[in-house]
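Shown next, in structure tokens, is the structure this report addresses.
What follows draws every value from the coordinates through simple rules; no lab data is involved. Since we're looking at a predicted model, the values are computed, not measured. Cβ sites come from the backbone with ideal geometry, for glycine too, and all protein chains shown count toward neighbours.
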Amino acid sequence: MTTPCISLISPFYNEEASAPLFIERCSAMLSGLGSSYEMIFVDDGSSDSTWDILRQAAAAHPEIRAVRLSRNFGHQAALSAALAHSRGDLVVMIDSDLQDPPEEIPAMIKLMREAGADVVYGVRTERRGVSLPLRLAYKAFYRILRWLSDIDIPAESGDFRLVTRRVVDILVSLPEHGRFLRGLTRWVGFKQLPHYYSRDARAGGKSHYSLARLVALAADGIFSFSMKPLRLATVFAGGFGMLSIAAVLYIVISRLAGNSAPQGWPSLAAIMLAGFAALSILLGIIGEYVGRIFQETRQRPIYIVDQQAEKSSHQE
Ligand code: UDP
Ligand code: MG
């Protein structure tokens, strides 16, 4: 069996604090594998010195190629750009902040080879350096996603994963914009196996995922993979319909029983407000889907490349 070429791909957004150590640890790990490899680093429009670090690394090492996007397109878009630029037979996606230890990769490759899998995804058994509220938010996110999604996305799995070329080719060919790569990878199918590891704290800098960005990612995950929220309308309609029938029955029976006590306006107002609330929720849900349809129909590219750096080519 010929040894496969391995691509290590990674998005960078203002990661000057961890980039040098990340590159060093990845190089050390990859050169120990005994197969050919390349590293694709995508700078997602950083405003610090990240691009200089990546460009210099690419100029010094023939295995490194650096790509700079024209602005900040977001984690999932940067990862998509990196996937599109990779050429290896096996591709490993890894964050550049050293939260996912590169040293786990050899074990993931071994598992993939032995089991003949197409996807080996990292599952976090522990998260170091993440605050309790954020940890609870992550937990809730995965719970809700699993409950709502039409496909089964493994809990506690992020974007740290090893995939084969055929999976990469499929992912790259998917045109959708609301890219939730962990869901899309799951959707591709084939044999997928977990690799358990403990997630470290960031090597430096701070997380770019605020609660708001996490909610946006969760929305992409939910609305791109589930029709269940749309069906809520039917459930609500059924519930309210039954309630109104009960109310009518109550009025009729109490009239027949000679009980004509007036029902005050507060109860009426409460019923109306509850109805309006339900309607707004449903409108909001429909809006989420319509917005996504609008986004997809515009057919804009997912990212734009500004410049590239590699050893053989002329720089800038
Ligand atoms: N990232 C990116 N573009 C962004 C935000 C993040 O390329 O707009 C990169 C970032 O450099 C890191 C990875 O995506 O390598 C994950 O981001 P982060 O560590 O902030 O997320 P967390 O690990 O906190 O979920
Ligand atoms: Mg991180």
Checking the conditions here, which among Asp152, Asp220, Asp200 is acidic (Asp, Glu) and within 16 Å of ligand 2 (Cβ to nearest atom)?
Asp200
Based on this model, can you work out whether Leu134 counts as under 24 Å from Ser49 (Cα atoms), touching a residue at least 60 places away in the same chain (Cβ under 8 Å), within 15 Å of ligand 2 (Cβ to nearest atom) and not polar (S, T, N, Q)?
no
Got at least one residue in the stretch 227-234 being under 30 Å from Ser96 (Cβ atoms), surrounded by 15 or more Cβ atoms within 10 Å (Cβ to Cβ), among the hydrophobic types (A, V, I, L, M, F, W, C) and more than 13 Å from ligand 1 (Cβ to nearest atom)?
no
Within the stretch 179-213, which residues are in contact with a Leu (Cβ under 7 Å, 6 or more places away or on another chain), within 16 Å of ligand 1 (Cβ to nearest atom) and among the aliphatic types (A, V, I, L, M)?
Leu181, Ala203
Scanning the stretch 155-178 for residues that are without any contact (Cβ under 8 Å) to a residue 40 or more places away in the chain and of a type in the set (A, V, I, L, M, F, W, C), which turns out nearest to ligand 1 (Cβ to nearest atom)?
Ala155
Against the conditions (1) aliphatic (A, V, I, L, M); (2) within 16 Å of ligand 2 (Cβ to nearest atom); (3) over 30 Å from Ser131 (Cα atoms), where does Leu214 fall short? Just the number, please.
(3)
Out of the residues in the stretch 142-199 meeting the condition of being part of a strand (DSSP E or B) and among the aliphatic types (A, V, I, L, M), tell me which one is surrounded by the fewest Cβ atoms within 10 Å (Cβ to Cβ).
Leu193
Which of the strands (runs of 3 or more DSSP E) found entirely inside the stretch 59-141 contain at least 3 residues meeting this: more than 15 Å from ligand 1 (Cβ to nearest atom)?
119-127
Per the filter on the stretch 214-226, residues within 14 Å of ligand 1 (Cβ to nearest atom) and either under 12 Å from Gly183 (Cα atoms) or in contact (Cβ under 8 Å) with a residue 40 or more places away in the chain (or both) are Leu214, Leu217, Ala218, Asp220, Gly221
Taking Met29 as meeting all but one of (1) hydrophobic (A, V, I, L, M, F, W, C); (2) within 21 Å of Leu214 (Cα to Cα); (3) assigned to a helix (DSSP H, G or I), write down the number of the exception.
(2)
